[in-house]
Amino acid sequence: MKRVLAALVLLFHICILGHAQQVESYLVDAVSLYSNGEYRQAKDRLETLSALAPKDDAVWYYLALSEAGLQDFSSARKHLEQAISLDGGNFWYRRTLARLYLTQGETELGVEMFEDLVKDFPDKEELSFELLNLYLRQGAFEKALSAMDEVETQRGPSESIAQTRYEIYRQLDRPEEAVAALEKFNKDYSSPSILSTLGDYYLSEYQDSVALNYYTEALSLDSGYVPAVLGMSEVYRHQRKYPDYFRTLDTFFQSEDVPAETKALYIRNLTRSIDPKLLQLHQEEYDTAVQEIATLHPTDSTVLSTVAGYYYSTGRTKEAGKWFKEVADQYPESLSHTVTYLQYLTMEGSWEELRDRSLTAFDRFRELGFLDFANQANYQLEDYDAIIGNCQYLLTNYPKDKDLCKSALAMKGDAYYSKGDAKQAFKAYDQALKIDPSYAPVLNNYAYYLSLTGKNLKKAYTMSKKTVEAEPDNATYLDTFAWILHLQGKDLEAKPFFKHAMLYGGKDSAVMLDHYAEVLYALGEYDLARSYWNQAKNKNQDGEVPDLEERVKARLAAIGK
């Protein structure tokens, strides 16, 4: 009703004041609304105008723009086509529609329209660039080469066009033409960039002397041009001229024009790609370079992290730890640097520092993952009360987070069991299973600990069976289930589960190897049992199975082995 009323009011004014003049006035108002981002109001005004002035192409054009601003691309397309039907020679209408085609994923229509625009408007140089970029995105390299010829005709040769033509020829596996394109440009318009690219090409072709000449020429134009400096250093490395290599590299590292991140990236790439033997042979020189970067950029987090990574990847974990700590201490507000240092402490087994820093990090970030780090440290420190306290904190403060609560209860149960309180452990497990009756980690541990008591084997069997049905390739779950079968006197049934466990990591566990050997022994397969017991002994360096030696000796003595 409001729109009808507005149309009647507009029609009244047009009739009184003159059709053409008033349409133009209202169109100006609508365009102003569109320019101010008031697309809805502009659209309403222009829809009314389109009914009163259906032959006015500008009305349809701005109506389409307003609809595009409202993300109504289907209507925008229809009304742009209407504007073009009224004025097919309008550049702006056609280019806007071509771009809309591309926005809607109709690339072929968009490219075809741009090709027509280039033909019809040869003086619009920007069209050739747009068409060139479209060809490149399509991978239409032959057409892109032709488009570049047109661009060069309009604007003359340029470094960017020469580089792009080089890359296209490389994509087309036409290396001779690629190099010729650069050399042609370089003959008339020498530049450090083009010269360095030529150097890179010849270096990749193992023509070190030719590459060195190009890098030298590039540096004669710009003595600090980084790609040429790095290219020259690679030539010296290929030629095993290590004093020249490190001297040139030093120029790169000492340059104030090179961002710290770029230097750090070079070290990271070098550490990943260089021959470890070469790195070891010249460790002192590389160490000096790395230390130099750290000295020049003592507060740059990327550099500090890179230095830490360098020492860690070269096997010097203690030295790496100093730098991981340095960056974590300098940037205490950084979550990523904090986590990285905690991971380092975990791998190094620095349990007390891991615990203390994890709790500090939790206080700072309030991220629950830091309590996991703390609990991992507390397990190693056998501080089970601290684990129980952390778990209770989670249960008290996040009672509605079911996944978090069942995980906390599982950990709480494990801590109680490690503490020697099986009753409280089983109580925590029961609470976890009330939340999720199919929670496999609890089902497995609960079943295994029950089996160790020799009681409730039926309950243990039922729980363990659920875990192997849920995860049939989990060696830990397979071991628990098979061991319960053994305790029930079902050794023949247990054997295939143990065999399957051996295929999925069971041979890495002294406990699983010992369990399997016990079953084989019970089945009378003594030689095979002895073989698995020997493997178990080799894996039992930390005494995970404390009575293994004595028990095996007694078992074998009983059968005269």
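The values are calculated or read from the model by the stated rules, or taken from the named source; none is laboratory data. Everything numeric in this text was worked out from a predicted model, so none of it was measured. We place every Cβ from the backbone using ideal geometry, glycine too, and count neighbours over all the protein chains shown.
Points worth noting:
- Qualifying residue in the range 330-349 (condition: closer than 23 Å to F252 by Cβ, crowded, with 18+ Cβ neighbours inside 10 Å and hydroxyl-bearing (S, T, Y)): no
- Hits in the range 26-39 (condition: farther than 17 Å from L80 by Cα, in contact with a helix residue (DSSP H, G or I) (Cβ under 8 Å, 6 or more places away or on another chain) and assigned to a helix (DSSP H, G or I)): Y26, D29, L33
- Checked across the range 511-524, the condition of being crowded, with 19+ Cβ neighbours inside 10 Å, at pLDDT 95 or above and under 38 Å from the mean Cα position of the chain (by Cα) holds for at least one residue.
- Contact annotation: residue pairs with Cβ atoms under 6 Å, 6 or more positions apart or on different chains, pairing a residue in the range 272-285 that is surrounded by 13 or more Cβ atoms within 10 Å (Cβ to Cβ) with a partner that is of a type outside the set (A, V, I, L, M) and part of a helix (DSSP H, G or I), are E285/F246.
- Top-ranked residue of the range 40-84 - restricted to ones that are not acidic (D, E) and not in a helix (DSSP H, G or I), ranked as farthest from V23 (Cα to Cα): Q71
- Listed by first and then second residue, the pairs linking a residue in the range 324-348 that is free of Cβ contacts under 8 Å to residues at least 24 places away in the same chain and acidic (D, E) to a residue that is buried (at least 16 other Cβ atoms within 10 Å of the Cβ) and in a helix (DSSP H, G or I), with Cβ atoms under 7 Å apart and 6 or more places separating them unless they lie on different chains, are E326/L304.
- Any chance A264 is within 30 Å of T360 (Cα to Cα) and surrounded by 15 or more Cβ atoms within 10 Å (Cβ to Cβ): yes
- The number of residues in the range 488-507 that are touching a residue at least 24 places away in the same chain (Cβ under 8 Å), surrounded by fewer than 17 Cβ atoms within 10 Å (Cβ to Cβ) and over 10 Å from A475 (Cα atoms) comes to 2.
- Meets criteria (outside the structural domain of S204 (by TED's automatic domain parsing), in contact with a Leu (Cβ under 6 Å, 6 or more places away or on another chain) and among the aromatic types (F, W, Y)) for F114: yes
- Residue pairs whose Cβ atoms lie under 8 Å apart, sitting 6 or more positions apart in sequence or on different chains, and linking a residue in the range 145-168 that is closer than 10 Å to S128 by Cα to a partner that is in a helix (DSSP H, G or I) and among the small types (G, A, S), are A147/S128; E150/S128; V151/S128; Q154/S128.
- Some residue of the range 120-143 being over 23 Å from S158 (Cα atoms) and buried (at least 17 other Cβ atoms within 10 Å of the Cβ): no
- Selection within the range 511-561 - closer than 19 Å to A475 by Cα and assigned to a loop (DSSP other than H, G, I, E, B): N540, E544, V545
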